[in-house]
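Working notes, beginning with the structure itself.
The values are calculated or read from the model by the stated rules, or taken from the named source; none is laboratory data. Only a predicted model underlies this, so the values are computations on that prediction, with no experimental measurement involved. Quick reminder, even Gly has a Cβ in these numbers, built from the backbone with ideal geometry, and neighbours come from all protein chains shown. When the accessible area is computed, the model is the full protein with side chains, heavy atoms only, and any ligands, DNA or RNA have been set aside. Shrake-Rupley method; radii C 1.70, N 1.55, O 1.52, S 1.80 Å.
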Amino acid sequence: MIKEKANIAVFISGRGTNLKALILRSKKKDCNYKIAYVISNKKNAAGLKFAKKNRIATIIISHLFLKTEQKKLAKILITKSIKFICLAGFMKILSPYFLNFFKNKIINIHPSLLPKYKGLNTHLKALEAKEKFSGCTIHFVSKKLDSGKIIAKKKVKIFKKDTLKKLEKRVLKEENKLYPLVLEKLIRS
Ligand code: GAR
């Protein structure tokens with residue numbers, strides 16, 4: 001049983017399988033974190049339902065997310081002593097202004113073996129390039145898209161007959177396993 005669990009905030013935009021994996025792990029007695037907030041830039045993001053079902057506070061940010069709103073959110077998270085912010089399918093770029101409040105505290109999961117295939121359509125890019133492997137990467141978030149320091153990677157084999165759907169499913173399964181493990185390791189270190 002861990003007495004002092006680190007407070008975590010998770011930012012999402014969509015279905016939230018990574019959020020779900022993080023939440024499910026957080027419910028275990030031996031887990032060293034708890035999720036204090038789920039933040040979404042989409043009010044209908046499916047992941048919000050799972051957060052609410054688990055009685056986790058949710059916050060919706062606006063499309064513009066102007067500096068005043070960024071400052072307000074940063075204040076809420078700082079007041080709660082948030083140890084890490086996990087981006088989990090959060091499809092909005094955070095401004096340098098917001099990043100500055102949380103130096104080395106924001107991490108992201110990306111569906112490719114970075115530095116290969118930054119941005120969108122990563123699986124399509126890997127298939128088109130006839131890669132033998134794809135996978136996922138967890139990295140610190142920096143001002144440059146998908147370019148911050150790499151924390152962990154998990155390789156996934158690409159088969160000859162792979163389709164986009166099959167590859168995405170296989171990589172996502174590994175993402176869901178990797179994210180809670182890496183987060184716990186970071187908190188311990
Ligand atoms: C995941 O594959 C994640 O790696 C990707 O969006 C998906 C979200 O799925 N993130 C990015 O592409 C960010 N650059 P989820 O909502 O089921 O966790």
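Quick notes on this structure:
- Near the amide H of Lys34, within less than 5 Å, lie the amide hydrogens of Ala6, Asn7, Ile8, all on another chain or at least 5 residues away, with H placed in the peptide plane.
- Degrees between helix 164-188 axis and first principal axis of the chain (Cα, 0 to 90, nearest 10): 40 degrees
- Under 5 Å between amide hydrogens, built in the peptide plane, is the criterion, and for Val141 it picks out Ile106, Ile107, Asn108 among residues at least 5 positions away or on other chains.
- Under a 5 Å amide H cut-off, with hydrogens placed 1.01 Å from N, Ser112 pairs with Thr137 among residues at least 5 apart or on other chains.
- Accessible area per residue in Å² at 1.4 Å probe, computed on the range 128-189: 68 Å²
- Highest-MSF residue in the chain out of Thr68, Thr17, Thr58 [GNM, Cα springs under 10 Å]: Thr68
- Value of [θ]222 nm, deg cm²/dmol, for the chain, DSSP H segments ≥ 4, -39500 (n - 2.57) each, nearest 500: -10500 deg cm²/dmol
- Heavy-atom surface of the range 40-127, accessible at 1.4 Å and reported per residue (Å²): 59 Å²
- A DSSP coil position with no more than 16 other Cβ atoms inside 10 Å describes the following trypsin sites (Lys or Arg not before Pro) in the range 1-69: Lys3, Lys5, Arg15, Lys27, Lys28, Lys29, Lys43, Arg55.
- Between the C-alpha center of the range 40-82 and that of the range 110-162 there is a gap of 27 Å.
- Pairs exceeding a 30 Å alpha-carbon distance, out of Lys28/Lys132; Lys20/Lys105; Lys80/Lys169; Lys75/Lys149; Lys29/Lys143; Lys118/Lys157: Lys28/Lys132; Lys80/Lys169; Lys29/Lys143.
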